[in-house]
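> Please read through the structure below; I'll follow up with questions.
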Amino acid sequence: METPADAPTAGSPEPAAPAEAVEAEVIEEAEAAPDAEADPADEVAQAKAEAADWQDKYLRLHAEWDTYRRRTNEQRAQEKARATEKLVESLLPVLDDFERTIDYATTNGESGLLGGVEAVHSKLVSVLEKDGVEVISPEGQAFDALEAQAVATVDDPSVPDETVAQVYQKGYRMGAKVLRPAMVTVTTGGPKREVEETSAE
């Protein structure tokens, strides 16, 4: 018995329906083609946002690095200052000995010894001054408890009260820090010292 020419043979796949074939083709094209509906303005905005984010990260990192570098420099400066202060404090008794020797030589007429000791003393003081050391010797000035230590009082009505009469031992400061206050005698019995008023600007 003959089969119709258009009839499918046994075992061969059935041809796809026309509607299904069109639908499959549309899906494949949609997957292969780029999104035609993407808005270029959105892409530009996204790129700008990413650039701004990276710029913000860079600025933060740069600021953190500047802060770290500044703190490191400050720590080094503080360590150097502390080391210098320790050295200066250890040299202060040497200055005291020099000054006692000068006083002794002056009193006992040791002119040769006096000249040599004065030269060495002057050189040592000059070296310390180059490192920022200042002598505190407030004789005749108003007593300042932050820079001097009163070890005795002297009656003297001819000068204002709490005037430094004599400096027993000089003090030393380095910058704003007092390494050692001066040891002084302070007058009493005189007129009260006028307090200097600072006008507020």
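> Given a 1.4 angstrom probe, what's the average accessible area per residue across the stretch 117-201, in square angstrom?
67 Å²
> Packing-wise, with mean Cβ within 10 Å as the measure, how do 96-109, 51-64 rank, highest first?
In descending order of packing, they fall as 96-109, 51-64.
> What percent antiparallel are the DSSP beta bridges of the stretch 108-201, to the nearest 5?
Counting only bridges with both partners in the stretch 108-201, antiparallel ones make up about 65 percent.
> Counting only other residues whose beta carbon sits under 12 Å from that of residue 49, what net charge do I get with K and R as +1, D and E as -1?
-4
> What residues have an amide H closer than 5 Å to that of residue 136, excluding those fewer than 5 places away on the same chain, when H is modeled at 1.01 Å from N in the peptide plane?
The list, which skips near neighbours in sequence, is 171, 172, 173.
> Residue-wise, which Karplus ³J(HN,Hα) couplings in Hz belong to the stretch 96-104, taking 6.51 cos²θ - 1.76 cosθ + 1.60, θ = phi - 60°, and x for glycine or proline?
4, 5, 4, 5, 5, 5, 5, 4, 5
> Give me the net charge of residue 186's neighbourhood, meaning all other residues with Cβ under 10 Å from the Cβ of residue 186; Lys, Arg count +1, Asp, Glu -1.
With Lys, Arg at +1 and Asp, Glu at -1, the net is -3.
> Right, another one. Of all accessible surface on the stretch 121-192 at a 1.4 Å probe, what whole percent is carbon and sulfur?
Looking at the stretch 121-192 in its full context, I get 51 percent from C and S.
> Whose amide H sits under 5 Å from the amide H of residue 161, counting only residues 5 or more places off or on another chain, with H placed in the peptide plane?
Residues meeting the criterion, in which the H sits 1.01 Å from N, are 190, 192, 193.
The values are calculated or read from the model by the stated rules, or taken from the named source; none is laboratory data. All of these numbers come straight from a predicted model, not from anything done at the bench. Here the Cβ is made from the backbone with ideal geometry for all residues, glycine too, and neighbour counts use every protein chain on show. Accessible surface is based on the protein model in full, side chains and every heavy atom, while ligands, DNA and RNA are left aside. Shrake-Rupley method; radii C 1.70, N 1.55, O 1.52, S 1.80 Å.
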